[in-house]
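The values are calculated or read from the model by the stated rules, or taken from the named source; none is laboratory data. In this text, all values refer to a predicted model and were calculated from it rather than measured experimentally. No Cβ is skipped: glycine too gets one built from the backbone with ideal geometry, and neighbour counts run over all protein chains shown.
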């Protein structure tokens, strides 16, 4: 595999990581199975298209708009799933799947059902030389941005009071409530934060994985795969799993496109059979 | 007694459908029977080992593609196709369940969903085997050894109804077996049964095989009903529809689960055909799933405990 191939695998894996980190945050902290997560990515690509992110001003506007959009969409998801918290994950899964179907139809109506073209804004729409081969500069910037997001997320969850509060609610909501933490507020904030990550991923990665019919499903299944491989709620495991998924996808597409999904499936079965608690855990089966 | 009478009545109406309804209704009824059997497969797992699957589309697809490929290669015996579909789906589950049977709760839901969606993605990309997104067509089979063609809608429907009722009868008989009792006990007290010395992992694995066999049969019947299969048929919406029906009929038997499937499919299709905006089936299915999710709240009771996925 060439140097460009390796960098591309990392870029691909980090696209998946930014989306999946939001899902694993929601799953791990709230125990909510949201199947509308791919729709948030789609919303990000729509923002990039609508605000003309192929210009510097439009790109910054889309990045800025990603946060309120993510908060708004996350609030809808939180409002739908909070009343269902005592009714099991199935009810939450059905409700959010319903939401994602409605969102997909709304997206198709808003865009005419086609693919949304996305190019990086100047001066990022150029190529750089890696080991003698030309490579899109924007993807390198995306790698840096995704690593920064991963770092901020890890520091927030493991080193700040906000992260401590979220972990307290995840471990024991009743106990957290008894010391003055409002679980409903934490539920809304974490849902919003997880959705913001997916929308932000949509804006940032639109030139890499453009929005279109089926993109929401593709992002959802890849995110779910990463959450299962990495362990639900495990950010470190999700990071490793995303890089593995990116590598398998990239290598698979280059070497044997017909069996690329089968390779991911084989990785899933192997990891779950050997290490059911995920790649991030130290526990072996 | 009233409940048994109602179930018998529903079964009788289902069998009588081709004699009293028009061709379109019978065609829709045949599709409902196939999807209903898929919901029964999901129900089988969710009521025994408490594993809620969103990935049974994979086994449905294995059964369906096996049937279609056999039909394309000239093997047009419907029972043979059905047997091959069941065998293939069970064989697929024998491998997949090595991993899935180890999981519980939310992780199981996630992993099963990933398996189902990967299977659909594989079906879409493997053009040489599955026809890719164009799908694969299958000629109407014959009923060996009588040589009766299943091309007429009514005959096809009766074949499907016979198979579905036969499998439901088998499941009702099997529900009284020691294996079923052990599987239910494992669903309730997994670690306790392990401590008692029950082979928990093997029992759950076998439970998966039973469920996958039923889902494989559903896939074969879907191809018999429609004469066609494409990757969308085994996608997330199919699995979700099956799980929704299994959840609605959780405290009841297979006939109620199939009735719930019929209600969901009819509501979706009727809404898509008669309510604006035109041709928006997924939109209405989305609203239906939202309604199904919030139904327990309307009744001020919790979702049936066994259907809950424990964290």
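Do we have residue B:99 as in contact with a helix residue (DSSP H, G or I) (Cβ under 7 Å, 6 or more places away or on another chain) and either in contact (Cβ under 8 Å) with a residue 24 or more places away in the chain or buried (at least 22 other Cβ atoms within 10 Å of the Cβ) (or both) here? It is false that residue B:99 is in contact with a helix residue (DSSP H, G or I) (Cβ under 7 Å, 6 or more places away or on another chain) and either in contact (Cβ under 8 Å) with a residue 24 or more places away in the chain or buried (at least 22 other Cβ atoms within 10 Å of the Cβ) (or both). Looking across segment B:153-206, the residues that are modelled with pLDDT of 75 or more, farther than 20 Å from residue B:18 by Cα, out of contact with any helix residue (DSSP H, G or I) (no Cβ under 8 Å at 6 or more places or on another chain) and in a helix (DSSP H, G or I) come down to B:169, B:170, B:173, B:178, B:181, B:201, B:202. Checked against the criterion of being within 11 Å of chain B (Cβ to nearest Cβ) and modelled with pLDDT of 75 or more, the candidates A:264, A:243, A:235 yield just one match: A:264.
Looking across segment A:116-129 at every residue that is within 28 Å of residue A:221 (Cα to Cα) and modelled with pLDDT under 85, the one that is surrounded by the fewest Cβ atoms within 10 Å (Cβ to Cβ) is identified as A:117.
Okay, residues lined up against (1) closer than 24 Å to residue B:231 by Cβ; (2) free of Cβ contacts under 8 Å to residues at least 24 places away in the same chain; (3) under 20 Å from the mean Cα position of the chain (by Cα):
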position: A:193; (1), (2), (3): no, no, yes
position: A:211; (1), (2), (3): yes, no, yes
position: A:218; (1), (2), (3): yes, no, yes
position: A:224; (1), (2), (3): yes, no, yes
position: A:231; (1), (2), (3): no, no, yes
position: A:247; (1), (2), (3): no, no, yes
position: A:267; (1), (2), (3): yes, no, yes
position: A:274; (1), (2), (3): no, yes, no
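Filtering B:140, B:89 for residues that are part of a helix (DSSP H, G or I) and either touching a residue at least 40 places away in the same chain (Cβ under 8 Å) or surrounded by 15 or more Cβ atoms within 10 Å (Cβ to Cβ) (or both) leaves a single hit, B:89.
For segment A:174-191, the condition holds for at least one residue, the condition being that it is without any contact (Cβ under 8 Å) to a residue 60 or more places away in the chain, farther than 26 Å from residue B:54 by Cβ and under 18 Å from the mean Cα position of the chain (by Cα). Checked across segment A:85-103, the condition of being part of a loop (DSSP other than H, G, I, E, B), surrounded by fewer than 21 Cβ atoms within 10 Å (Cβ to Cβ) and within 14 Å of chain B (Cβ to nearest Cβ) holds for no residue.
Please verify whether residue A:170 is within 14 Å of another protein chain (Cβ to nearest Cβ) and either more than 14 Å from the chain's Cα centre (by Cα) or more than 28 Å from residue A:64 (Cβ to Cβ) (or both), treating the condition exactly as stated. Spelling it out, residue A:170 is indeed within 14 Å of another protein chain (Cβ to nearest Cβ) and either more than 14 Å from the chain's Cα centre (by Cα) or more than 28 Å from residue A:64 (Cβ to Cβ) (or both). With the structure loaded, tell me whether residue A:253 is over 24 Å from residue B:104 (Cα atoms), modelled with pLDDT under 80 and within 11 Å of chain B (Cβ to nearest Cβ) or whether it fails that test. It is true that residue A:253 is over 24 Å from residue B:104 (Cα atoms), modelled with pLDDT under 80 and within 11 Å of chain B (Cβ to nearest Cβ).
Residues that are under 15 Å from residue B:207 (Cβ atoms) and either within 18 Å of the chain's Cα centre (by Cα) or buried (at least 22 other Cβ atoms within 10 Å of the Cβ) (or both) do occur in segment B:105-123.
I'd like to know if segment A:182-194 contains one or more residues that are closer than 23 Å to residue A:144 by Cβ and modelled with pLDDT of 85 or more. Scanning segment A:182-194 turns up at least one residue that is closer than 23 Å to residue A:144 by Cβ and modelled with pLDDT of 85 or more. Highlighted here are the helices (runs of 4 or more DSSP H) found entirely within segment B:1-83 that include at least 2 residues which are in contact with a strand residue (DSSP E or B) (Cβ under 9 Å, 6 or more places away or on another chain): B:57-72. For residue A:34, the criteria (1) in a loop (DSSP other than H, G, I, E, B); (2) at pLDDT below 85; (3) touching a helix residue (DSSP H, G or I) at 6+ places or on another chain (Cβ under 6 Å) hold in every case but one, which is (2). Just one of the numbered conditions (1) surrounded by fewer than 15 Cβ atoms within 10 Å (Cβ to Cβ); (2) within 14 Å of chain B (Cβ to nearest Cβ); (3) on the phi > 0 side of the Ramachandran plot is not true of residue A:132: (2).
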